[in-house]
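Chemist: Right, I'll just put the structure down here and ask away after.
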Amino acid sequence: MSRKRLFFGLVFAVAGASLLGSCAVPGGTVQQVTPLPQTAAEGTAAARSALQASVTAQMDESQQGDSEAATPTPFNLNLVEGQARGIAAATDAALQPTPRSVIAFDSEPVRIRFDEFYDGYNLRTGLLLSDKLVSLDGRQAVLEGYMAPPLKPELDYFVLTRVKLAFCPFCSTASDWPDDIALIYMPDGLTTVATDRPVRITGRLEIGQSVDQETGMVSLVRLYADHVETLG
């Protein structure tokens, strides 16, 4: 062997021993070398596999939950006469609002206007019911307005609005539905006919969110009419 080959062989041997020595610990064992990072293709494939496994697990949990979920109960459209009103009254009692400051009235019925319904709007709670409106809950009141275009000729209930509507609100967009409305219930067994003239309603006022179990209509203000008078 030539001197040149012997020299380079010794150099490589020393370099290799130095590298192994740098990986050794005092006990004489060799540490595991940190693996090289995954290539882009390998990382993408691994991420895709993990994502697919996660989605599959979520779908399995969702299907198991759906099989145990209860079927929602639809509105009952075959209630006996007067039952829907009774359910609505029970809901009113459970959700009865409390005025910030109770207002006492000298006599009844008390006249109230649509512009006295609310004290403003809160982004978290919605419309702020006025103290006058809430203090009239369960009392006799007088309210004037216009009948919203009805869905049938003889009315046992209707919507009273502050302004006259040209179209049926149920057939219009949400932007056409006024904020100031009240749901009017006629006395049991009595109906009235629609009119485009203003009307004055006298009856018992009820305040608070309620859902009519017969129609599904949600209301904040309801007036159980004792008397309906056409004006003008």
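Chemist: So, in the stretch 206-224, of the ones that are in contact with a Ser or Thr (Cβ under 7 Å, 6 or more places away or on another chain) and of a type in the set (Gly, Ala, Ser), which residue ends up nearest to Ile112 (Cα to Cα)?
Modeler: Selected residue: Ser219.
Chemist: Using beta carbons and a limit of 7 Å, which pairs, at least six apart or on different chains, have the first residue in the stretch 181-205 and touching a residue at least 40 places away in the same chain (Cβ under 8 Å) and surrounded by 20 or more Cβ atoms within 10 Å (Cβ to Cβ) and the second one not in a strand (DSSP E or B) and not charged (D, E, K, R)?
Modeler: Filtered contacts from the stretch 181-205: Leu183/Met217; Val199/Leu231; Leu205/Leu136.
Chemist: Quick test of your reading of the structure: Leu77 fulfils all but one of (1) within 22 Å of the chain's Cα centre (by Cα); (2) modelled with pLDDT under 70; (3) of a type in the set (A, V, I, L, M, F, W, C). Name the failing condition by number.
Modeler: Failing condition for Leu77: (1).
The rows are residues; the columns are (1) touching a strand residue (DSSP E or B) at 6+ places or on another chain (Cβ under 8 Å); (2) of a type outside the set (Asp, Glu); (3) at pLDDT 90 or above.
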position: Ser107; (1), (2), (3): no, yes, yes
position: Val110; (1), (2), (3): yes, yes, yes
position: Leu128; (1), (2), (3): yes, yes, no
position: Leu143; (1), (2), (3): yes, yes, yes
position: Met147; (1), (2), (3): yes, yes, yes
position: Asp176; (1), (2), (3): no, no, no
position: Asp188; (1), (2), (3): no, no, no
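Chemist: Since Ser107 meets every condition but one in (1) surrounded by fewer than 19 Cβ atoms within 10 Å (Cβ to Cβ); (2) closer than 20 Å to Arg200 by Cβ; (3) in contact with a helix residue (DSSP H, G or I) (Cβ under 8 Å, 6 or more places away or on another chain), which condition does it not meet?
Modeler: (3)
Chemist: How many of the residues making up the stretch 206-232 are surrounded by fewer than 15 Cβ atoms within 10 Å (Cβ to Cβ) and under 18 Å from Val142 (Cβ atoms)?
Modeler: Within the stretch 206-232, residues that are surrounded by fewer than 15 Cβ atoms within 10 Å (Cβ to Cβ) and under 18 Å from Val142 (Cβ atoms) number 6.
Chemist: Among the residues of the stretch 112-126 satisfying the criterion of being part of a loop (DSSP other than H, G, I, E, B) and either out of contact with any Lys or Arg (no Cβ under 9 Å at 6 or more places or on another chain) or among the aromatic types (Phe, Trp, Tyr) (or both), which is modelled with the lowest pLDDT?
Modeler: Thr125
Chemist: As an exercise: evaluate Ala93 against (1) surrounded by 10 or more Cβ atoms within 10 Å (Cβ to Cβ); (2) assigned to a loop (DSSP other than H, G, I, E, B); (3) at pLDDT below 90 and give the number of the one condition it does not meet.
Modeler: (2)
The values are calculated or read from the model by the stated rules, or taken from the named source; none is laboratory data. What you see is a predicted model, and the numbers here were worked out from it, not measured in a lab. Cβ coordinates were reconstructed from backbone atoms using ideal geometry, including for glycine residues, and neighbour counts include every protein chain displayed.
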